[in-house]
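> Below is one structure. I have some questions about it.
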Amino acid sequence: MQNLSIHRTSELPLPARRAVEALLGRELADDEELGIWASRAHEAPGGEARTEAWRRLHDHLGLMESKASTVEDPEQLADDVAREVRHPHR
């Protein structure tokens with residue numbers, strides 16, 4: 001089952017585009033992309049699980065920050081990441 005769907009706004013059927021615009025409260029530009037992510041609602045973790053989740057997030061953000069400081073071309077990195085998200089290596 002697919003939980004993430006990415007679409008170019010220029011390729012959306014008009015009724016779908018108008019529905020998204022109504023949800024966002026603004027018009028979509030033709031050069032935008034729309035990502036839709038569906039997930040089940042769940043309770044936030046508490047106690048030790050919450051502390052561990054925060055530690056892992058903090059560590060991950062620190063890693064991302066250290067990698068970002070070495071990037072020479074941020075736009076190229078963004079393009080590479082977007083390509084990997086759309087077409088992951090299998």
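> Under 5 Å between amide H atoms, partner at least 5 residues away or on a different chain: which partners does residue 34 have, H built in plane at 1.01 Å?
Under 5 Å from the amide H of residue 34 lie the amide H atoms of 7, 8, 9, each far enough along the sequence or on another chain.
> OK, next. Using a Gaussian network model on the chain with a 10 Å cutoff between Cα atoms, which of 55, 40, 17 fluctuates the most?
It is 40.
> While we're on this one: Using only C-alpha positions, report the orientation-averaged shadow area of the convex hull of the stretch 19-90, nm², one decimal.
That works out to 8.4 nm², a quarter of the Cα hull's surface.
> Calculate the dipole size of the chain relative to its Cα centre from +1 charges on Lys and Arg beta carbons and -1 charges on Asp and Glu beta carbons; express the result in debye to the nearest 20.
Here the chain has a charge dipole of around 520 debye.
> If you place +1 on the Cβ of every Lys and Arg and -1 on the Cβ of every Asp and Glu, how big does the dipole about the Cα centre of the stretch 45-90 come out, in debye to the nearest 20?
Here the stretch 45-90 has a charge dipole of around 320 debye.
> Using alpha-carbon pairs under 8 Å, 6+ residues apart, how would you state the relative contact order of the chain in percent?
27 percent
Where a number appears in this text, it was derived from the coordinates with a stated rule and is not lab data. No experiment lies behind these values; they were computed from the predicted model shown. No Cβ is skipped: glycine too gets one built from the backbone with ideal geometry, and neighbour counts run over all protein chains shown.
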